[in-house]
Amino acid sequence: MSEQSYFVLAALLHGPLHGHAIIKKVVGLSEGRITLPVGTLYGALDRLAANGVIMIEREEIVNGRKRRYFRITEEGDRLVRAEAQRMQQAAAVVMGRPSLGATFA
């Protein structure tokens, strides 16, 4: 899973969001490391929807423009939580070890 997709799914864990809100939430969750240009976001949303991990919850017209709200599916929730666990286990391999300094076995 790409880091961008991971953060998009994480942004949707607490409820449906529209595109601009997803962009802002991803910036916040990643502490500014991940910024999603609009084209990149909607490409990711299309792929995630095609894979069944998110879906359009509703659409509305705001200032003459269509606004789509996306929500994570049960499969998406399972997938992002499994990825978080995988990353946590991988980090523990490095973070749980005492410093080895320059010594290699």
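Given (1) of a type in the set (Asp, Glu); (2) farther than 12 Å from Pro16 by Cβ; (3) surrounded by fewer than 11 Cβ atoms within 10 Å (Cβ to Cβ), where does Glu60 come up short, assuming only one miss?
Looking at each condition in turn, Glu60 falls short on (2).
When you look at Ala44, is it among the small types (Gly, Ala, Ser), touching a residue at least 60 places away in the same chain (Cβ under 8 Å) and within 24 Å of Gln88 (Cα to Cα), yes or no? Walk me through it before giving the result.
Values: among the small types (Gly, Ala, Ser): yes; touching a residue at least 60 places away in the same chain (Cβ under 8 Å): no; within 24 Å of Gln88 (Cα to Cα): yes.
It is false that Ala44 is among the small types (Gly, Ala, Ser), touching a residue at least 60 places away in the same chain (Cβ under 8 Å) and within 24 Å of Gln88 (Cα to Cα).
If I filter the range 6-17 down to residues being modelled with pLDDT of 95 or more and of a type outside the set (A, V, I, L, M), which single residue comes out as surrounded by the most Cβ atoms within 10 Å (Cβ to Cβ)?
Per the stated criteria, the residue is Phe7.
Assuming Gly52 fulfils every condition listed in (1) surrounded by 12 or more Cβ atoms within 10 Å (Cβ to Cβ); (2) at pLDDT 95 or above; (3) of a type outside the set (Val, Ile, Thr); (4) touching a Lys or Arg at 6+ places or on another chain (Cβ under 9 Å) apart from one, which condition is it?
Against the list (1) surrounded by 12 or more Cβ atoms within 10 Å (Cβ to Cβ); (2) at pLDDT 95 or above; (3) of a type outside the set (Val, Ile, Thr); (4) touching a Lys or Arg at 6+ places or on another chain (Cβ under 9 Å), Gly52 comes up short only on (4).
Looking only at the range 45-95, which residues are at positive phi and of a type in the set (Phe, Trp, Tyr)?
Hits for the range 45-95: nothing passes.
Which one of Ile23, Ile34 is among the aliphatic types (A, V, I, L, M) and over 24 Å from Arg86 (Cβ atoms)?
Checking each option against the conditions leaves just Ile23.
Mind counting the residues in the range 24-40 that are of a type outside the set (Ser, Thr, Tyr) and out of contact with any helix residue (DSSP H, G or I) (no Cβ under 6 Å at 6 or more places or on another chain)?
The number of residues fulfilling the criteria is 9.
The values are calculated or read from the model by the stated rules, or taken from the named source; none is laboratory data. Everything numeric in this text was worked out from a predicted model, so none of it was measured. Neighbour counts are summed over all protein chains in view; Cβ atoms, including those assigned to glycine, are modelled from backbone coordinates with ideal geometry.
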